[in-house]
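Please read the structure below before turning to the comments.
Just so you know, all these numbers are worked out from the coordinates, no wet-lab data involved. What you see is a predicted model; the values in this text were computed from it and never measured. Here Cβ is always computed from backbone atoms with ideal geometry, including for glycine, and neighbour counts include all displayed protein chains.
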Amino acid sequence: MDNTKISKELEALLCCPVCQAALQFSNNIYKCQNNHEFPVTSGIPILINEKNSIFAIEDFLKQKETFYKLSQEKTLFASLKKLMPDISVNYAVEKNHEDFLQEISKISEAPKVLVVGGSHKGLGLDIILQNKKVKLAEGDVSFGERVQLIFDAHNIPFANASFDGVIIQAVLEHVADPSQCVEEIYRVLKNNGVVYASTPFMQQVHGGPYDFTRFTYLGHRRLFRKFEQIDAGISGGPGMSLSWAYKYFLLSFVKSKLGAHLVTIFAHFTSFFWKYFDFFLRKHDRSYDAASGFYFIGRKSNQILADRELVKLYKGGF
Ligand SMILES: [Zn+2]
């Protein structure tokens, strides 16, 4: 009986997000030997450890809006928004996915990949989707067109060493405890498993109340100190940082929602071009002090990068 969106192969790897015991599925409920129960709604298992999450299982059963809004805004502004030039660009994202795919293909002929924060298709994911050998488990704390299971990255509901790769883009700023989430990624990766993370540095608050942290280049590297670096660098450059700062500076003047809409449109049309400087600025060392965000691709390791070694990796203008 296959009542869930998750494949049988990946379902076999699921574990209880509370105690990590194996899960049994019957009567549309996942249950572990310690009687922790997790419901399934519209084929999507809700595997949340309520003691350790901002979200409750009930939020998902009642289809409450969590991180993403469930219905798209159908206002005039929403239509105009689609015509606005973007102030963000990630010049590294396609190459990063290609590199990630190449690395996981070395580990397994049919690599299993967990996408954390995968309710909507992330930038660059098409490269992974085009490879039919890759088996994806896409989970989030929000419903979306791609979500197969609801889980919170503080307690990933998969057994140890389940995956060849983990993708986590633009998520770690939105979790209460990034270190715990990375520890969980480490746990669910096989030996030599590969993580691809992309996380903001100079970005204003987005995602409303679900936005907690930013990382410098070295702060981001330290978060993954139990991984051997394959590649790391700038995902969004100083031009993008400038446009974001300008937009949020202007937004600080307005109080009404309408005012914010108008200022946003004005800001996008008058600053979108700054991002084009990032095409070459992202290759400059000094940009590491001003970047909008960083990426890290690394292999699970048995060694820990010492902080004394970490500081030697500094790249900015100091
Ligand atoms: Zn349990």
Please list 3J(HN,Hα) in residue order for the range 38-47, calculated via the Karplus relation 6.51 cos²θ - 1.76 cosθ + 1.60 where θ = phi - 60°; whole Hz, with x for glycine and proline.
9, x, 10, 10, 6, x, 10, x, 9, 9
Mean Cβ-within-10 Å packing, highest first, puts peptides 276-286, 174-184 in the order 174-184, 276-286
Lys and Arg at +1, Asp and Glu at -1: add these up for the other residues within a Cβ distance under 10 Å of F55 and post the number.
-3
Counting Lys and Arg as +1 and Asp and Glu as -1, what is the net charge of the other residues whose Cβ lies under 13 Å from the Cβ of K190?
+3
Percentage relative contact order, the chain, counting C-alpha pairs under 8 Å, at least six apart:
18
Per-residue counts of other Cβ atoms within 10 Å, averaged by peptide: what ranking do you get for 236-249, 290-303, highest first?
236-249, 290-303
Once the convex hull of the C-alpha atoms of the range 27-144 is built, how many Å³ does it hold per residue, rounded to a whole number?
177
Loop-located trypsin sites (Lys or Arg not before Pro) in the range 128-227 whose Cβ has at most 11 other Cβ within 10 Å (DSSP)
K132, K133
Expected unfolding gain across L258-F273 under the 0.36 nm per residue rule, minus the alpha-carbon gap, is 2.9 nm
T41-N160 pseudo-label distance in nm [points 7 Å out on the Cα-to-Cβ vector]
3.4
Along the charge dipole of the range 76-313, pointing to its positive end and built from +1/-1 on Cβ of Lys, Arg, Asp and Glu, which listed residue (V254, Y217, S198) has its Cα farthest out?
V254
Computed about the Cα centre, the charge dipole of the chain from +1 Lys/Arg and -1 Asp/Glu charges at the Cβ has a magnitude in debye, to the nearest 20, of 520
Spatial separation of Cα centroids for the range 131-209 and the range 265-301, in angstrom:
22
Please give me the summed charge of the neighbours of S162: other residues whose Cβ is under 13 Å from its Cβ, Lys and Arg +1, Asp and Glu -1.
+1
For the pair N28 and S7, the simple spin-label estimate (label points 7 Å beyond Cα toward Cβ) gives in nm 2.6
Square roots of five times the C-alpha gyration tensor eigenvalues of the range 8-61, ordered largest first and given in whole Å, equal 17, 14, 10
At 7 Å along the Cα-to-beta-carbon direction for both A176 and K81, put a label point, then send me their distance in nm to one decimal.
2.7
Volume of the Cα convex hull of the chain, divided per residue and given in Å³
145
